[in-house]
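Below: one structure, written as structure tokens.
The values are calculated or read from the model by the stated rules, or taken from the named source; none is laboratory data. Bear in mind that the values here come from a model prediction, so they are computed numbers and not experimental data. Cβ placement follows ideal geometry from the backbone for every residue including glycine, while neighbour counts extend to all protein chains displayed.
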Amino acid sequence: MSGSSLATRITRISGASSHARDDLLAVEEPLEIRIGHESDGERVSSSISVTMRTPGNDEELATGFLFTESIIRSKEDIAFIKPCGSADGDNVIRVELESGVNVDLGLLQRHFYTTSSCGVCGKASLDSLRAAGASAIPPNGVSFSRAMLATLPARLRKAQKTFDETGGLHAAAAFDRDGKLLVLREDIGRHNAVDKVIGALLSEGLLPASEQGLMVSGRASFELMQKALLAGMPLLAAVSAPSSLAVQLAREFNLSLVGFLRGDTFNIYAGEERIA
């Protein structure tokens, strides 16, 4: 058992027989992200997000979230990250920003309206990306071979240690043109897994990741495409289907989007020129 899994007792049913056995569950707990920043010349603390996540790599999760929400632009914007005191429990993390970092908390509110199912149209979602400074991926750059892409699902699955224990976690990984998994993270939320990957890349000074692709174990949503775009990743590959708005984003911002990647079969929804 790891910190990402929890033992429990279950009854296993198989046809007409039943027996008690131990099982492992993927841990799901809330994480509150707070930032310390300047406002009107004073240092203040703001609670900006509560997300349900699998404990582990919380600093990367917070860092990736702040970057993909355009609250920070580089790792130099962060003074330090630390868990809050015991009075707040173990599920609160504080990111102290450097003096002079301009924080627009309105970005988070706009993000809520453009990613929740409140009836806001796809055009508004894309407009919010442009307002956050997102730009199209340059057409000239790295390419990825069909043969390499076909190996990714098996590589991703083999590296999912906690999934082996629980069967209940998503995974995301940054990979290079040779198919090497450079950073892999697991989480009960697919968006959290991606934020952990991007947070790790940012902490290592590897953004924009213009030579890397992003592989995800589930579907390709608008939110995941947005994160890949802001990280400068030219390709997102998903085991399952993309949404209509994910395809629209990929085509408008010149990302390559691959879906239903299973063995040597997959669909290319955008950016076919990067698939050699």
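Key figures
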{"item": "Lone qualifier among T11, T63 - being among the β-branched types (V, I, T), in contact with a strand residue (DSSP E or B) (Cβ under 9 Å, 6 or more places away or on another chain) and farther than 26 Å from M233 by Cα", "result": "T11"}
{"item": "Single residue of the range 32-41 satisfying the filter (small (G, A, S) and at pLDDT below 90) that is surrounded by the most Cβ atoms within 10 Å (Cβ to Cβ)", "result": "S39"}
{"item": "Residues satisfying the stated conditions in the range 89-103, i.e. exposed (fewer than 15 other Cβ atoms within 10 Å of the Cβ) and modelled with pLDDT of 80 or more", "result": "E98, S99, G100, N102"}
{"item": "Count of residues meeting criterion [farther than 16 Å from S221 by Cβ and touching a Gly at 6+ places or on another chain (Cβ under 9 Å)] in the range 236-266", "result": "3"}
{"item": "Filter result (in a helix (DSSP H, G or I), loosely packed, with under 14 Cβ neighbours inside 10 Å and either charged (D, E, K, R) or touching a Leu at 6+ places or on another chain (Cβ under 9 Å) (or both)) within the range 42-88", "result": "E76, D88"}
{"item": "Cβ pairs under 6 Å, 6+ apart, first in the range 134-159 and closer than 15 Å to G259 by Cα, second of a type in the set (S, T, N, Q)", "result": "none"}
{"item": "Pick from the range 17-41, criterion in a strand (DSSP E or B) and aliphatic (A, V, I, L, M), ranking: farthest from K196 (Cα to Cα)", "result": "A20"}
{"item": "In the range 1-31, the residues that are buried (at least 17 other Cβ atoms within 10 Å of the Cβ) and either out of contact with any helix residue (DSSP H, G or I) (no Cβ under 8 Å at 6 or more places or on another chain) or β-branched (V, I, T) (or both)", "result": "V27"}
{"item": "Check on G232, in contact (Cβ under 8 Å) with a residue 40 or more places away in the chain and either more than 20 Å from P139 (Cβ to Cβ) or crowded, with 23+ Cβ neighbours inside 10 Å (or both)", "result": "no"}
{"item": "Top-ranked residue of the range 1-16 - restricted to ones that are assigned to a strand (DSSP E or B) and under 24 Å from Q160 (Cβ atoms), ranked as modelled with the lowest pLDDT", "result": "I10"}
{"item": "Hits in the range 22-69 (condition: under 14 Å from the mean Cα position of the chain (by Cα) and farther than 17 Å from D90 by Cβ)", "result": "T63, G64, F65, L66, F67, T68, E69"}
